[in-house]
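In what follows, a structure is listed as structure tokens, so that the remarks can point back to it.
The values are calculated or read from the model by the stated rules, or taken from the named source; none is laboratory data. Note that the structure is a prediction, hence the values are computed from the model and not measured. Please note: Cβ atoms are built from the backbone with ideal geometry, for glycine as well, and neighbour counts cover all protein chains shown. Ligands, DNA and RNA are stripped out before the accessible areas are found, and what is left, the full protein with its side chains, is counted by its heavy atoms. Shrake-Rupley method; radii C 1.70, N 1.55, O 1.52, S 1.80 Å.
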Amino acid sequence: MDPLKWLAKQRQHGNLRSLRPLVRPVMGSPHLAGSQRPLIDCSSNDYLALSSHPLVIATSRQFLEEHGAGSGAARLMSGDLALHHQLEEAIARFKGQEAAVLFGSGYMANTGVIPALMGRHDVIFSDKLNHASIVDGCVLSGARIVRFRHNDMEHLAQLLSEKRGNGQALIVVESLYSMDGDKVPLLQLVQLKEKYNCLLLVDEAHATGIFGATGAGLVEEAGVTDQVDLVMGTFGKALGSYGAYVAASQVWIDFLLNRARSFIYSTSLPPAVIGASLGALQVVAENPDLGHTLLARAAFFKNALASCNLKMESSTQIMPLVVGESDAAVALAAKLGEAGFFVTAVRPPTVPENTARLRFSVTLHQSEDDLASLAKHVAALV
Ligand SMILES: Cc1ncc(COP(=O)(O)O)c(C=O)c1O
């Protein structure tokens, strides 16, 4: 592949990506490096603003000072620290599962777990809008991949009846879709999983910390914890830190730590990151209303948009404004940038062709005034 030609083609279609470094002080507003103009970040996944929470920072600092900067090795070498187990036990309890295992990131979790579970004689039923890390995990597994229409349980049922076969089968979904902000119908899904005797893996990357009575996620909210075989999630979004986990029965966890290559062949997470994640879990446990507060703020934004005649389908903190053409989405993001809002235009291949969008995410970093002002600016531009 000729990189120059490839880059030119991306530019021509409005799909060329480039980096935009931000300075994000713990106190105060983010701004672009080289500029002092404060921005309101409307594209962050730090939904509960925990990345700058004093307890999260303090626990992270304490772990850094007591245990050093790095873990020194992969878990199965000498990098298995007691503090990894402390976090695994905490996340397993939080998720209502028997055990958990940590991964370097959500991308590593999905690309490690799916190939560990499934092989070339197996079949995976995967939602068409699943995150790239799930897609890549499915491809790496070598299994047959059957994609069902987004959130369409009738289509899934039809495909299961036609293509389930007699081998191992896995259904993999996100509980809250990262680019559309809609929820998977978990009750219907677990019925299908049981009827067709499949494993079920649910990615709770964007739901963890927000939904459910204790903030454990949409699996908790739907009351289906016992019917979901493996729950995956990340610490890098609402929990404000970094890294990821899979929670499941002890047998599955023992299996994964013997088989998931992205777990086995990679240095374990550093102490400061583990400290931040433990701190974040403590904050969520002590403040079970944080998720409700976030969703109320998201509802406020939705109403503010509605009062400017802009209808949003989403009832969660993720609100996509689908623009269509990539160039148009980039131009709209740039105009909002001039008005002080940092918004990213999400373009193919992250989203399907002709559905380039501004993905607004509501976070507790934003005040209601910020969101009201954002709604007015968006309405004036579209
Ligand atoms: C649904 C979903 N799964 C997994 C990931 C990957 O997580 P991480 O950023 O920790 O690699 C993401 C990240 O955006 C995601 O949206």
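At R0 = 22 Å, how high is the FRET efficiency between ASP226 and ALA157 if r is their beta carbon distance? Nearest 0.05 is fine. Please list the in-between numbers first.
Details: r = 22 Å, r/R0 = 0.98.
Using R0 = 22 Å, I get an efficiency of 0.50.
Given 0.36 nm per residue, what is the gain on full extension from ASP2 to LEU321 after removing their alpha carbon distance, in nm?
Values: separation 319, 0.36 × 319 = 114.84 nm, distance 3.39 nm.
Result: 111.5 nm gained on full extension.
Please go through the range 24-121 and write out the trypsin sites (Lys or Arg not before Pro) that DSSP classes as loop and that have at most 15 other C-beta atoms within 10 Å.
Filter output for the range 24-121: ARG120.
Rounded to the nearest Hz, the phi-derived 3J(HN,Hα) couplings of the range 260-267 under the Karplus curve 6.51 cos²θ - 1.76 cosθ + 1.60 (θ = phi - 60°) are 7, 5, 6, 7, 5, 9, 8, 4, where x marks glycine and proline. Can you return the aspartates and glutamates within cross-link range of LYS5? Criterion is Cα-Cα under 20 Å, with same-chain partners fewer than 8 residues away left out. Within the straight-line limit of under 20 Å, LYS5 reaches these aspartates and glutamates: ASP327. Loop-resident GluC sites (Glu not before Pro) (DSSP state other than H, G, I, E or B) in the range 311-382 with no more than 16 further Cβ atoms inside 10 Å of their Cβ: GLU313, GLU325, GLU353. Can you pull the percent of the chain's accessible area that's carbon plus sulfur, 1.4 Å probe, other chains left in place? Within the chain, the accessible surface is 53 percent carbon and sulfur. Taking all protein chains into account, the per residue accessible area for the range 54-286 stands at 40 Å² (1.4 Å probe). Just checking the listed ones, GLY236, GLY106, GLY167: in the Gaussian network model of the chain with Cα springs under 10 Å, the one fluctuating most is GLY167. Just checking the listed ones, MET232, MET108, MET153: in the Gaussian network model of the chain with Cα springs under 10 Å, the one fluctuating most is MET153. Potential lengthening of the chain between LEU76 and GLU286 amounts to 72.3 nm, from the contour at 0.36 nm per residue minus the alpha-carbon distance.
Could you tell me which trypsin sites (Lys or Arg not before Pro) in the range 301-347 are loop residues by DSSP with no more than 12 other beta carbons within 10 angstrom of their beta carbon?
On the way: sites: LYS302, LYS311, LYS335; in loops: LYS311.
Sparse-neighbourhood loop trypsin sites (Lys or Arg not before Pro): LYS311.
Residues in the range 57-73 carry Karplus couplings, in order, of 5, 5, 5, 4, 5, 4, 5, 4, 5, 7, 10, x, 7, x, 8, x, 5 Hz; the curve used is 6.51 cos²θ - 1.76 cosθ + 1.60 with θ = phi - 60°, and Gly or Pro positions show x.
Remark: for residue pairs LYS237/LYS376; LYS9/LYS163; LYS128/LYS195, the C-alpha separation exceeds 29 Å in LYS9/LYS163. Remark on ASP229: its backbone amide H falls under 5 Å from those of LEU200, a criterion applied only to residues 5 or more positions apart or on other chains, H modelled at 1.01 Å from N.
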